[in-house]
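For reference, the structure discussed in these notes is given below.
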Amino acid sequence: MRSLGIILLISLLSFNASAQDQQTELTILHMNDIHSHLLPYPYAEGQAQFGGIAKAATLINQIRLTNPNTLVLNAGDLLVGDFMYAAAYDYPDTPIVGYAEFFVTNMMGFDAFALGNHEFDVGPDLLYAVLSHENIQDDLPPILCANIQNLEDHAGLASIVRPDTIIEKAGLQIGIIGFVTEETNAIANPQPLVVDTLWHGNPTQPETLAPKTKYQDMIDDLRARGADIVIALTHLGHQREFLLSQLYTGIDIIIGGHSHSTIQTVLEGPLGNQIPYARAGAYTEHLAELTVTIENNQVTDYIFELHEIFDAPVADPIVEEWVQNFKDMVEAEWPGVYSDVLGEVPFYMDGRGDIDGYVDKEETNLGNLITDAMRQKLETHVAIEAAGVIRQSLLEGGATPADIYRVLSMGFNPLENVIGLRLMIADVHAIALAGALEFSVANLGTTFFFQVSGISFEYNSDLPPGERVDTESILINGEPINWGATYSVAINEYVAMFGIALEFITEQDLTPTGYVQYEVVRDYIDTVDITQYEELQGRIVDTAEPVSVPISDAIPASIELKQNYPNPFNPATTIRYHLDTQSFVTLEIYTILGQKVTTLVNDEIQAGIHQVEFDSGNVRGRSLSSGVYIYRLTITNDEAGTVSKVRRMVLMK
C-alpha cells in the first residue's frame with residue numbers, strides 16, 4: 001500500500017559505534033484525542049472525509065504484520081465528542097458511558113493508555129464502571145497516570161490506574177510513564193481525586209520553574225527497574241509537554257495529547273539530549289508513526305510518518321461490524337442522528353478561530369450562530385459562550401444532528417438523563433458584564449475566550465490584562481451599555497460554573513430554563529438562513545496591530561498547514577500556512593497517486609501567516625480533472641531541519 005505519510009529522517013546524535021554495539025529499531029504507532037469518533041465523518045451519506053476507527057485498525061494491523069517490533073499507544077481523551085460516548089449507556093441496566101470506545105480500542109490492541117481529562121467528565125465512579133466492566137477489563141492495556149492523587153479514596157480505580165509500566169518489545173524494556181494536565185481539576189470532575197501539577201513555580205515565568213522530586217524519582221525508578229528507554233505518554237498539551245522536556249531528565253521520547261494539532265519535531269532536554277516529540281492530532285484523523293533507532297539505550301535516529309486514516313483502502317471487518325452495532329444502539333435511542341440532514345451548510349463554519357493558524361482571539365461565524373441560537377431561544381439581552389465548549393468546526397455540506405453534536409458534545413450525563421450542557425439565564429449587572437469581557441480578552445487562546453451575541457465591543461491586545469476592553473465601545477443590541485442596568489444573559493452550566501467561581505454572578509442570579517444547548521442549536525440550524533453567517537459581524541474587534549496567539553505556543557520550529565478553503569472547490573481554492581520562524585518553503589500539489597502536478601511556493605519565506613491561491617483551471621495551461629489531490633508543505637530552517645506536512649483536497653466540477 002502506498003503511504004501518503006511524508007517521511008522525515010533526521011539524525012539526532014553521531015556515535016563512533018564499535019563493532020559490538022547493537023542497533024534496535026522500534027516503531028511506535030500512536031493516536032490521541034479520539035473523542036468518541038468511531039465513525040467516518042461528516043455523517044451525511046456520501047460526505048465523509050475524515051476518520052473511521054475501523055480503518056485505523058487496518059493500518060495498525062498492516063504495520064504490525066510488516067514490523068513485529070511495534071508499540072501502539074493512546075495519549076488520552078478517548079471519550080466525549082460524539083453520540084458513541086452514549087452507546088449502551090444503560091447497558092445492561094446500570095448507567096455506563098464510554099463502553100463502545102473502550103470495547104473497540106481493546107480490539108485494536110493498544111499497548112498502553114494515558115488517561116485524559118475527558119475520561120473524568122462524569123466523575124471517577126462512571127469511569128471505573130466502564131473500565132471494570134466484564135467485557136472491558138480483561139482486555140485493557142495498562143491505564144497510566146502518574147500525577148493523580150488521592151487514589152486511595154477510590155479503591156476501584158486504584159486497582160486499575162498505575163503510574164507507569166514496562167513493556168518488552170524488540171528485545172528492549174520500554175518504560176512508559178503517564179501524565180495528565182492539572183486543568184482536569186477545573187474542566188472535568190475527578191473529585192475526590194486531584195491531578196497534581198508537575199513542577200514548582202509559575203509556568204508563565206519559566207525561570208521560576210523546578211521539577212518535583214517525586215516525578216523525577218518515578219522516571220529514575222523506571223530505569224532502576226530495568227527500562228532501557230523511557231517514553232512519557234502524556235495528556236498535557238503543547239506548553240506543558242515542552243516544559244516536561246525542559247525540566248525532567250531521563251525522558252527519551254514524548255508522545256503527547258490534549259492539544260489537537262499534529263506535531264512531529266525534536267526538543268532539547270535539560271542535559272542537551274534530543275527528544276523526539278510527536279502528537280497525532282485529534283478526532284481519528286491521523287495515525288502517527290515514529291520509528292526510532294536505539295543504540296546503547298539511547299535514541300540515535302528517528303523517522304516520522306503521518307497516515308491519513310480515511311485514506312486507508314479498507315476498514316477492518318470485525319471492528320467495522322462492532323462500530324455499526326454501536327451506531328445502531330445510538331440510533332435506537334436517538335433516531336436519525338447520523339442520517340437525518342437538517343440542512344446544507346454552504347461554507348466552512350469556523351469554530352475556534354483557527355482558520356489562520358490561531359485560536360480564540362476573535363469572533364467566529366460558528367460562535368456567532370451558536371450564541372444567536374441561545375439568545376433567540378431564551379429571549380435574553382445577551383448570550384455568551386466559552387470558546388472551549390465549541391469543540392469543532394462545521395464542514396461544508398449536509399449537517400446531521402450528530403455533526404452538530406460534534407461541535408457541542410460536552411455535558412452528557414446519564415445519571416440525570418441529560419444529553420448536553422443545560423442552558424440558564426443569568427442576571428448580570430453591567431459592571432460585572434464588562435468585567436467578564438475583560439476576563440475573556442485577558443485569556444486569549446484559551447478555553448475562557450468568549451463568543452457573544454447581542455453585544456459588541458473593542459479591545460486592544462497590546463495592553464496589559466485588565467486594561468484591554470474599551471468600555472466606551474460596548475454596545476448592547478446596538479445601544480451603549482447602561483452602567484446602572486442589569487442584563488439577562490443566556491449561558492450554559494459550564495460558563496455559569498466559572499462565572500460563580502470568578503464572582504461575576506452568584507447562584508441566586510441564575511434561572512434554569514430546561515433547555516439543552518445542543519438541542520437549541522440543532523433546531524436553530526434547521527430553520528435559520530445560514531448564509532447570514534458567511535461574514536464576521538464585528539462583534540469582537542482587536543484594535544491592536546495584527547498579532548495573535550499561536551496554536552503551537554512555546555514549541556520551537558513547528559508549522560501549521562490548514563485545510564484549504566473552500567473544499568471541495570472549483571476551480572480555485574486558498575491554502576493557508578503558518579511559520580514560527582523564517583524558513584525555506586516548498587508548497588507542492590500531487591495527484592492521489594503521488595504524481596507531481598505543480599509547485600506553488602519555492603522560496604525563502606518570513607515567519608507569520610501566509611496564503612496561496614491554487615487555480616486548478618490553469619496548471620501549465622491546462623485544466624485539472626475532478627478528483628482528490630494532495631498538497632504538501634515542506635520547510636527547512638536551522639532549528640527544525642526539514643519538516644513536512646500534507647493534507648487532501650477535492651476538486652469537484
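The values are calculated or read from the model by the stated rules, or taken from the named source; none is laboratory data. None of the values given here were measured: they were computed from a predicted structure. Cβ atoms come from the backbone with ideal geometry, glycine included; neighbour counts cover every protein chain shown. To get the accessible areas, we keep the full protein, side chains included, count just its heavy atoms, and leave off ligands, DNA and RNA. Shrake-Rupley method; radii C 1.70, N 1.55, O 1.52, S 1.80 Å.
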Where a residue in region 571-596 is more than 14 Å from residue 633 (Cα to Cα) and in a strand (DSSP E or B) and its partner, wherever it lies, is at pLDDT 85 or above and hydrophobic (A, V, I, L, M, F, W, C), with Cβ under 8 Å and at least six apart
572/614; 573/614; 591/597
Confirm whether residue 19 is over 14 Å from residue 310 (Cβ atoms), at pLDDT below 95 and open to solvent by 60 Å² or more (accessible area, probe 1.4 Å).
yes
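Only one residue in 73, 115, 38, 59 is within 23 Å of residue 192 (Cβ to Cβ) and open to solvent by less than 10 Å² (accessible area, probe 1.4 Å). Which one?
Testing whether each residue is within 23 Å of residue 192 (Cβ to Cβ) and open to solvent by less than 10 Å² (accessible area, probe 1.4 Å) leaves just 115.
To keep it simple, each residue is scored yes or no on (1) in contact (Cβ under 8 Å) with a residue 24 or more places away in the chain; (2) under 30 Å from residue 412 (Cβ atoms); (3) touching a strand residue (DSSP E or B) at 6+ places or on another chain (Cβ under 6 Å); (4) of a type in the set (A, V, I, L, M, F, W, C).
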| residue | (1), (2), (3), (4) |
| --- | --- |
| 189 | yes, yes, no, no |
| 197 | yes, yes, no, no |
| 203 | yes, no, no, no |
| 227 | yes, no, yes, yes |
| 230 | yes, no, yes, yes |
| 242 | yes, no, no, yes |
| 246 | yes, no, no, no |
Filter region 617-638 down to the residues that are surrounded by 14 or more Cβ atoms within 10 Å (Cβ to Cβ) and either within 30 Å of residue 266 (Cβ to Cβ) or among the aromatic types (Phe, Trp, Tyr) (or both) and list them by number.
629, 630, 631, 632, 633, 634, 635, 636, 637
Would you please name the residue that is least open to solvent (accessible area, probe 1.4 Å), looking only at residues in region 599-616 that are within 16 Å of residue 650 (Cα to Cα) and outside any loop (DSSP other than H, G, I, E, B)?
614
Go through region 620-639 and count every residue that is touching a strand residue (DSSP E or B) at 6+ places or on another chain (Cβ under 9 Å) and among the small types (Gly, Ala, Ser).
3
Are any residues in region 619-630 in contact (Cβ under 8 Å) with a residue 12 or more places away in the chain and not in a strand (DSSP E or B), and if so, which ones?
620, 623, 624, 625, 626
Being acidic (Asp, Glu) and under 17 Å from residue 121 (Cβ atoms) is the filter here, so list the residues in region 63-105 that pass it.
77, 82, 101
Determine which single condition residue 107 fails, assuming it passes every other condition in (1) farther than 23 Å from residue 29 by Cβ; (2) open to solvent by 10 Å² or more (accessible area, probe 1.4 Å); (3) assigned to a helix (DSSP H, G or I); (4) of a type in the set (A, V, I, L, M).
(1)
Here is a list of conditions, (1) at pLDDT below 95; (2) part of a loop (DSSP other than H, G, I, E, B), and residue 226 meets all of them except one; can you say which number that is?
(1)
Considering only residues that are in a loop (DSSP other than H, G, I, E, B) and among the β-branched types (Val, Ile, Thr), look in region 232-264 and name the one that is nearest to residue 563 (Cα to Cα).
251
Would you check if residue 336 is out of contact with any Cys (no Cβ under 6 Å at 6 or more places or on another chain), small (Gly, Ala, Ser) and at pLDDT below 95?
no
Determine whether region 309-317 contains at least one residue that is modelled with pLDDT of 95 or more, crowded, with 22+ Cβ neighbours inside 10 Å, among the charged types (D, E, K, R) and more than 20 Å from residue 644 (Cβ to Cβ).
yes
Would you pick out the residues in region 142-187 that are in a helix (DSSP H, G or I), without any contact (Cβ under 8 Å) to a residue 24 or more places away in the chain and over 22 Å from residue 259 (Cα atoms)?
152, 155, 158
Sole residue being in contact with a Phe, Trp or Tyr (Cβ under 8 Å, 6 or more places away or on another chain) and within 23 Å of residue 73 (Cβ to Cβ), chosen from 148, 143
143
Residues located in region 438-471, provided they are of a type in the set (Ser, Thr, Tyr), modelled with pLDDT of 90 or more and under 18 Å from residue 545 (Cα atoms):
459
Looking only at region 388-399, and only at residues there that are assigned to a loop (DSSP other than H, G, I, E, B) and touching a residue at least 60 places away in the same chain (Cβ under 8 Å), the one that is surrounded by the fewest Cβ atoms within 10 Å (Cβ to Cβ):
396
